[in-house]
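The values are calculated or read from the model by the stated rules, or taken from the named source; none is laboratory data. Since the model is a prediction, treat every value here as computed from it, not as a measurement. Counting neighbours? That spans all protein chains shown, and the Cβs are built from the backbone with ideal geometry, glycine included.
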2 protein chains.
Amino acid sequence: MEVRRPISISDAVSRVMKYELNQAVDYVPLLESDLRFLAEDLLADHDVPPFNRAPYDGYAIRSEDTSQASLLNPATLKVVGDIGAGSLYRSELENGQAVRIMTGAKIPNQSDAVVMLEEIQTYDADTITIVRPHHHNENISFQGEDTKKDQVLINKGSIIHPGTVALLATFGYDIVPVYRKPRIGILATGSELLDVHEPLQPGKIRNSNAYTAASQVKRAGGIPVMYGKLPDELDACVDVVTDALQEVDAMITTGGASVGDFDLVPQLIERIDAKTLFNKVAMRPGSVTTVAEKDGQMIYGLSGNPGACYVGFELFVRPLIRKALGASALHLKRSKGVLDRDFPKPNPYTRLVRGVVHERDGVQYVEPSGLDKSSSVVALGEAEVFIVLPAGSKGYQRGEEVNLLNLQDQKGSKWPWDIPTVSYR
Amino acid sequence: MEVRRPISISDAVSRVMKYELNQAVDYVPLLESDLRFLAEDLLADHDVPPFNRAPYDGYAIRSEDTSQASLLNPATLKVVGDIGAGSLYRSELENGQAVRIMTGAKIPNQSDAVVMLEEIQTYDADTITIVRPHHHNENISFQGEDTKKDQVLINKGSIIHPGTVALLATFGYDIVPVYRKPRIGILATGSELLDVHEPLQPGKIRNSNAYTAASQVKRAGGIPVMYGKLPDELDACVDVVTDALQEVDAMITTGGASVGDFDLVPQLIERIDAKTLFNKVAMRPGSVTTVAEKDGQMIYGLSGNPGACYVGFELFVRPLIRKALGASALHLKRSKGVLDRDFPKPNPYTRLVRGVVHERDGVQYVEPSGLDKSSSVVALGEAEVFIVLPAGSKGYQRGEEVNLLNLQDQKGSKWPWDIPTVSYR
């Protein structure tokens, strides 16, 4: 029987991160760019504001005309024009003159202040009266105060959300350069697997891992390419994986990963002449995760256990997808939480317990979601985080601070996480 | 000149939440269900596990056969069969017998324990030896221990993520009932607006609000329907909005919302015979937000200021989209943070400052992103939160705790937020 040597999570992640998926650039319409990753730095193509402009509706004036203005001695100015949004006042403003101006319109030459509409005491079509001095540059939004031309506003590798779209539109990106979504092949193996639409049969279960992994690929920013499911037959799996590697950027198999008679992954890796990076990780669930590479392409042999398959994806597939998308924080976002339940049992492996978070008084309290077994599919349903319980000879108590890895987040964390190294002997 | 009476954010939100968008159900393939909202409770159609099964590769045995087993006196059992994943052992297991069993396979009748492969001392094709007693029910995953048939596992109105997909696949939902995405019409008004692809011209700016709002609609779970942009001409706007209300579930206009000669929204509301819910909110940015309804359909007159438009959407449009999607927490997620910068200036209106978050030692520190003006489009680019600074006669100091409204979150918070009521006179 094959003996596998477990390595720490950190070591396993490090071995994977030496590789990368193919990276390429797509050009997509602005309206289709949401949640894609910028492939170029987002640059201001002009100053913002592009000209000195009125921040409010009101009247553009010369401030010196109001220097003596008071309630008893109001300044009276002649209204000589009207600047609608998008239009211009083409003359110079002279002393004693005012121009009606709309929010956002360009301040006329020689004008250096705007009187807000609400501050005008009396006005008619021809004159306004102003009852207080206005200072030089009062109520003006200055050209370039928001940003200057040629400034980098958002770095490439950032995910596009509505705030990014605001800038892309402002600076004329009707077509947006984004990193191509990596294509990740998914094959489920296991003679026990039924299709999702099939009725249950004795001894069999429905194929859930392939669909879950597909959803994880999409959440990470990739495109899942489905290769269906196969019974535990080596030749068929070799054929599918060999073909798939021509079409996708990385390949995931689920099932057949552990040590046993029918276990496919070790034989598959050998048959396609790939190199195993590791085949056992000192973590639960997911200890029998295998990662291999062939000519720089990754082949993931994830466990058939739903919980283990899910963990293996998030730790070892997601960061390479994020790397291909140019992101800077490639790994699950780490935060701190407080245990809301005891975990009395010590474990020689670091545990990643699927958990839910309840915030009370600004503190994130966590407890397991559903049954705490790797085979539990229900626990995945509501999971928001992995609760990280480092390996060791002791259990954990309610009230202890722990690391959390956030599953729904798009921001990510940089490596290394603050997870103690596993001291597995 | 029209005088507008500002109402508090709470009051404004409450007025909007009395209405609802049309709600309907779509049926989508499982692989296209990500980020949709379940329209039915997700029900277990069978026990999980569906039968007693082996959690590890090993041998199914009768535990009584090992009651005297030790290193010096190993129990020797005859291997009478082999149960691959998905296959069944159809005989009864007799005393002195063992059956090779794969992870996940069904335990044979009369067997009550599994010996892990790693624990077998010596074995050949015909016999195994076991060196310790195994207890009744050792290493068995029991039918229904993860969940029982007919249990509701996820409530309708929940967003679908990979964990949900795991359950949907397990329970046979190859077609998933989800709430239809509300269709939200968007029209930008303003004679100053250029298309995104157009070069800048003096006095003009590119239309960014319509694209930003479209992205916000998508993030909230809806479908944006673009009605382009129009100059500040009432008749054309009336025509577009009248037609749009036949096609969409709600209509957004941006621009023309404030008080002034060319301001369209009040006239538009009047011309289409809609009822104004409010036209001023005691908040910055976004004080000149108008919301109206006609025959139960919402018309939003959002400001032309990028920051104000963004805020108006998140406070007043997003929760109605979420309601149509069946969500239970309709509003932006509230959390606590600590100011990393002084805000010395008091404000008669509650401020929603666009901010970025830096976590240090488990505390979320926040500071403004970019220029703190409603017109700043750069501040939107990196904004992760609104920092809520309640109205009042004092400013705020670095180190003070404040409420944050999270912009990138999908979980949401229920109403009311813990935001002090604005005491604007």
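Going through (1) of a type in the set (Ser, Thr, Tyr); (2) crowded, with 19+ Cβ neighbours inside 10 Å; (3) not in a loop (DSSP other than H, G, I, E, B) one by one, B:Thr242 falls short only on (2). Just so you know, in region B:297-339 the residues that are of a type in the set (Ser, Thr, Tyr) and more than 30 Å from A:Pro55 (Cα to Cα) include one that is modelled with the lowest pLDDT, and it is B:Ser335. Based on this model, can you work out whether A:Ala214 counts as under 30 Å from the mean Cα position of the chain (by Cα), under 29 Å from B:Asp57 (Cα atoms) and within 11 Å of chain B (Cβ to nearest Cβ)? Criteria met by A:Ala214.
Of all the residues in region A:324-351, those that are closer than 17 Å to A:Val16 by Cβ and either free of Cβ contacts under 8 Å to residues at least 12 places away in the same chain or within 14 Å of chain B (Cβ to nearest Cβ) (or both) number 2. Of all the numbered requirements in (1) more than 13 Å from every other protein chain (Cβ to nearest Cβ); (2) touching a residue at least 60 places away in the same chain (Cβ under 8 Å); (3) not aliphatic (A, V, I, L, M), A:Thr242 misses one, and that requirement is (2). Of the residues that sit in region A:123-136 and are part of a loop (DSSP other than H, G, I, E, B), surrounded by fewer than 19 Cβ atoms within 10 Å (Cβ to Cβ) and in contact (Cβ under 8 Å) with a residue 40 or more places away in the chain, which one is farthest from the chain's Cα centre (by Cα)? The extreme case among them is A:Asp126.
The conditions are (1) surrounded by fewer than 20 Cβ atoms within 10 Å (Cβ to Cβ); (2) without any contact (Cβ under 8 Å) to a residue 40 or more places away in the chain; (3) within 14 Å of another protein chain (Cβ to nearest Cβ), and A:Glu367 fails exactly one of them. Which is it? Every condition holds for A:Glu367 apart from (3).
Take the residues in region A:331-364 that are under 20 Å from A:Gly399 (Cβ atoms) and over 27 Å from the mean Cα position of the chain (by Cα); name whichever of them is surrounded by the fewest Cβ atoms within 10 Å (Cβ to Cβ). Among them, the one singled out is A:Pro344. Inclusion of B:Thr254 among residues that are β-branched (Val, Ile, Thr) and more than 11 Å from chain A (Cβ to nearest Cβ) is warranted. Number of residues in region B:283-321 that are free of Cβ contacts under 8 Å to residues at least 60 places away in the same chain and surrounded by 24 or more Cβ atoms within 10 Å (Cβ to Cβ): the value is 5.
Annotation: of all residues in region A:89-114 being more than 13 Å from chain B (Cβ to nearest Cβ), touching a Gly at 6+ places or on another chain (Cβ under 9 Å) and among the polar types (S, T, N, Q), the one that is farthest from A:Pro133 (Cα to Cα) is A:Ser91. In the condition set (1) in contact with a Pro (Cβ under 9 Å, 6 or more places away or on another chain); (2) without any contact (Cβ under 8 Å) to a residue 60 or more places away in the chain, A:Lys280 is compliant with all but (2).
Here B:Leu264 clears all of (1) under 32 Å from the mean Cα position of the chain (by Cα); (2) more than 9 Å from chain A (Cβ to nearest Cβ) except the condition numbered (1). Of the candidates A:Val388, A:Val353, the single residue that is part of a strand (DSSP E or B) and farther than 26 Å from B:Val152 by Cβ is A:Val388. Every condition in (1) more than 10 Å from chain A (Cβ to nearest Cβ); (2) modelled with pLDDT under 95; (3) over 30 Å from B:Leu167 (Cβ atoms) holds for B:Glu118 except the one numbered (1). Scanning region B:63-77 for residues that are in contact with a Ser or Thr (Cβ under 6 Å, 6 or more places away or on another chain) and either closer than 15 Å to B:Gln110 by Cα or among the hydrophobic types (A, V, I, L, M, F, W, C) (or both) yields a single hit, B:Ala75. Note on region A:174-198: among residues that are buried (at least 23 other Cβ atoms within 10 Å of the Cβ) and not in a strand (DSSP E or B), the one that is farthest from the other protein chains (Cβ to nearest Cβ) is A:Pro182. Of the numbered conditions (1) more than 10 Å from every other protein chain (Cβ to nearest Cβ); (2) within 22 Å of A:Val265 (Cβ to Cβ); (3) crowded, with 21+ Cβ neighbours inside 10 Å, A:Val225 satisfies every one except a single condition; which is it? It is condition (3) that A:Val225 fails. Being part of a strand (DSSP E or B), surrounded by 24 or more Cβ atoms within 10 Å (Cβ to Cβ) and not assigned by TED's automatic domain parsing to the domain that holds A:Val241: is that true of A:Val165 here? Criteria not met by A:Val165. Within region A:45-68, if we keep just the residues that are at pLDDT below 95 and aliphatic (A, V, I, L, M), the residue that is farthest from B:Leu194 (Cα to Cα) turns out to be A:Ala54. A:Arg90 falls short on exactly one of the conditions (1) more than 31 Å from the chain's Cα centre (by Cα); (2) assigned to a loop (DSSP other than H, G, I, E, B); (3) modelled with pLDDT of 95 or more, and that condition is (3). Please work out which residue is nearest to the other protein chains (Cβ to nearest Cβ), limiting yourself to region A:143-160 and to residues that are buried (at least 16 other Cβ atoms within 10 Å of the Cβ) and farther than 24 Å from B:Gln408 by Cβ. Selected residue: A:Glu145.
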